[in-house]
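Engineer: My structure is below; once you've seen it, I'll send some questions.
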Amino acid sequence: MMKLFNNIWTLWLLSTLLILGYLTYIFNVEEKGIFSPGKLTHGHHQIEMACSSCHTEPLGGGEVIQDACVNCHKEELKISDDSHPKSKFTDPRNISRVKELDARVCVTCHTEHRTKITKSMGVTIPEDFCVKCHSEIAEDRPSHKGMEFTSCASAGCHNYHDNRALYEDFLEKHIDEPHHLPEGKIKSVSSLEEITTSAGYPISKYPVKKLTGTDIELHPGIKKDALITEEWSITAHAQAGVSCNACHKVKDDKGVVNWVEKPSHDSCKTCHKSEVKGFLTGKHGMRLNQDLSAMTPAMSRISMKSTAHDKELTCSSCHSSHKFDVKHAAVDACLNCHNDQHSQSYKDSPHFLLWHKETSGQGDKNTGVSCATCHMPREEKELGDQTLILTEHNQNMNLRPNEKMLRSVCMNCHGLGFSINALADKKLIQNNFKGLPKVHNQSIDLVKQRLLKRGKPREGSP
């Protein structure tokens, strides 16, 4: 009997150790799906297996999750001038509203692992949540009488966090703009001289001195490649004094300098901090930011070309290793992977025609509209005591909701009313804005009505 007991005990002990060993193994490798209570939203699914990104403390409560949300999204909320900041709900006068909807914490509205109730904007509460605080809006705004609370966030109406292009004073200011602005152009990126004299550029290491193939210094044992030298010599890198060793010679943890065949984004960050920061925040690079393997098109939840499924997304995926051709990065690099209808329709759109004219020398500079023009807009960035115009490399900074594109993209060339209607027209978006919007948003109409009631003349009227 004792022998049988010892055998059972031994078997139980071995089984327990095997199970613990297995669980420890899968928890410390990338695939942790067995622990997940459900899939993540479209915004976070790339880092689904990096549980510690949000669950920074194993036994932490809601405050841990809230800190994780803020750590990733605080800059975006700051830029957007968040129209519903936490301070609005910590005001004692709003305590009764907090009891109805605790908007002090992100997970009240954005709960992960709840795919069955997750809407397109990553919201997991009923779409009429605005009624909790604005139930009497029709009394203050008779124009809203009869409108359903499920329509508050309709395209062109209200954006919970970022209302910069939809608030009444802004709509009034741009009330009578034409469809196409006469001098419509996108911003020019700061010049090489402006960038290399900014606080973020390591001028002591890479003085602005044009280099040629004869200036190249290579790691011992590395031979020059004529084609690579030719491609490099016509780039901004050669003009700024950045040679091969600048990217390929990397110090390891022990301080030993090694030649790296394929430099990572860490090499790029030496000079391009803002761009790398944006890349690591966006969908293309967020996995690398969590020490996961690089994102591939195969992991995407939208249609991608099968020929690109295994392509790892790094800086050199769009900026080829030695040419660094921004024209290629702005269109062809995108279309090499993306296979959705919007992307497929681009080359048959008025925007592509403008791009083709500019790049072929038939159109004026900064009049072409590429994929990057809209999804990676040129914006002001503060670097030290300088303000530069740089390309935003977080390509989903203005993607959802799409009204975030109004100020940074659409209004460079189009009037506000036309832009709002275009972004509200789903079919027009699908065919990449070939034609006029067939959807009419009421936002500007409502502003006009209020101005008439107040007896205030519209901008531009006599």
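The values are calculated or read from the model by the stated rules, or taken from the named source; none is laboratory data. Computed from a prediction, not measured in an experiment: that's the story for all the values here. Neighbour counts are summed over all protein chains in view; Cβ atoms, including those assigned to glycine, are modelled from backbone coordinates with ideal geometry.
Engineer: Can you say whether Thr373 is closer than 22 Å to Phe279 by Cα, among the β-branched types (Val, Ile, Thr) and at pLDDT below 95, as far as the supplied structure shows?
Structural biologist: When the stated conditions are applied, Thr373 does not pass them.
Engineer: Here's something else I'd like to know. Could you give every pair whose Cβ atoms fall below 9 Å, whose first residue belongs to the stretch 378-394 and is crowded, with 20+ Cβ neighbours inside 10 Å and at pLDDT 90 or above, and whose second residue is of a type in the set (Val, Ile, Thr) and part of a strand (DSSP E or B), counting only separations of at least 6 or pairs across chains?
Structural biologist: Note: pairs meeting the criteria are Arg378/Ile389; Arg378/Thr391; Lys381/Thr387; Lys381/Ile389.
Engineer: Now for a separate question. Does any residue of the stretch 170-180 turn out to be at pLDDT 90 or above, farther than 25 Å from Asn366 by Cβ, loosely packed, with under 12 Cβ neighbours inside 10 Å and not assigned by TED's automatic domain parsing to the domain that holds Asn366?
Structural biologist: The answer is no; no qualifying residue exists.
Engineer: Follow-up question, since we're still on this one. Just to be sure before I move on: is Ala372 among the hydrophobic types (A, V, I, L, M, F, W, C), in contact (Cβ under 8 Å) with a residue 12 or more places away in the chain and under 24 Å from Lys327 (Cα atoms) in the structure I sent?
Structural biologist: Criteria met by Ala372.
Engineer: Output the qualifying pairs, or none if there are none: Cβ atoms under 9 angstrom, residues six or more apart or on different chains, first residue in the stretch 219-231 and under 21 Å from Val257 (Cβ atoms), second residue among the aromatic types (Phe, Trp, Tyr).
Structural biologist: Listed by first residue and then by second, the contacts come to His219/Trp259; Pro220/Trp259; Gly221/Trp259; Ile222/Trp259.
Engineer: Could you name every one of the helices (runs of 4 or more DSSP H) located completely within the stretch 384-462 that has at least 3 residues being more than 21 Å from Pro182 (Cα to Cα)?
Structural biologist: 426-430, 443-454
Engineer: Would you mind stating whether Gly221 is more than 21 Å from the chain's Cα centre (by Cα) and surrounded by 15 or more Cβ atoms within 10 Å (Cβ to Cβ)? Walk me through it before giving the result.
Structural biologist: On the way: more than 21 Å from the chain's Cα centre (by Cα): yes; surrounded by 15 or more Cβ atoms within 10 Å (Cβ to Cβ): no.
The answer is no for Gly221.
Engineer: Kindly provide the set of residues from the stretch 407-449 that are of a type in the set (Gly, Ala, Ser) and closer than 17 Å to Leu353 by Cα, ordered by number.
Structural biologist: Gly435 - this is the single residue of the stretch 407-449 that is of a type in the set (Gly, Ala, Ser) and closer than 17 Å to Leu353 by Cα.
Engineer: Of the numbered conditions (1) under 30 Å from His322 (Cβ atoms); (2) touching a residue at least 60 places away in the same chain (Cβ under 8 Å), Ser143 satisfies every one except a single condition; which is it?
Structural biologist: Tallying (1) under 30 Å from His322 (Cβ atoms); (2) touching a residue at least 60 places away in the same chain (Cβ under 8 Å), Ser143 fails exactly one: (1).
Engineer: Any residue in the stretch 58-73 that is over 22 Å from Gly282 (Cα atoms) sitting within a Cβ distance under 9 Å of a residue that is in a helix (DSSP H, G or I) and not β-branched (Val, Ile, Thr)? List the pairs, counting only those 6 or more apart or interchain.
Structural biologist: Listed by first residue and then by second, the contacts come to Pro58/Ser52; Gly60/Asp67.
Engineer: Continuing with this model, one more query. With respect to the numbered conditions (1) at positive phi; (2) crowded, with 20+ Cβ neighbours inside 10 Å, which one is the sole condition not fulfilled by Gly435?
Structural biologist: With respect to (1) at positive phi; (2) crowded, with 20+ Cβ neighbours inside 10 Å, Gly435 is out only on (2).
Engineer: Here's another thing I want to ask about it. Does any residue of the stretch 266-284 turn out to be farther than 28 Å from Glu358 by Cβ and more than 20 Å from the chain's Cα centre (by Cα)?
Structural biologist: There is at least one residue in the stretch 266-284 that is farther than 28 Å from Glu358 by Cβ and more than 20 Å from the chain's Cα centre (by Cα).
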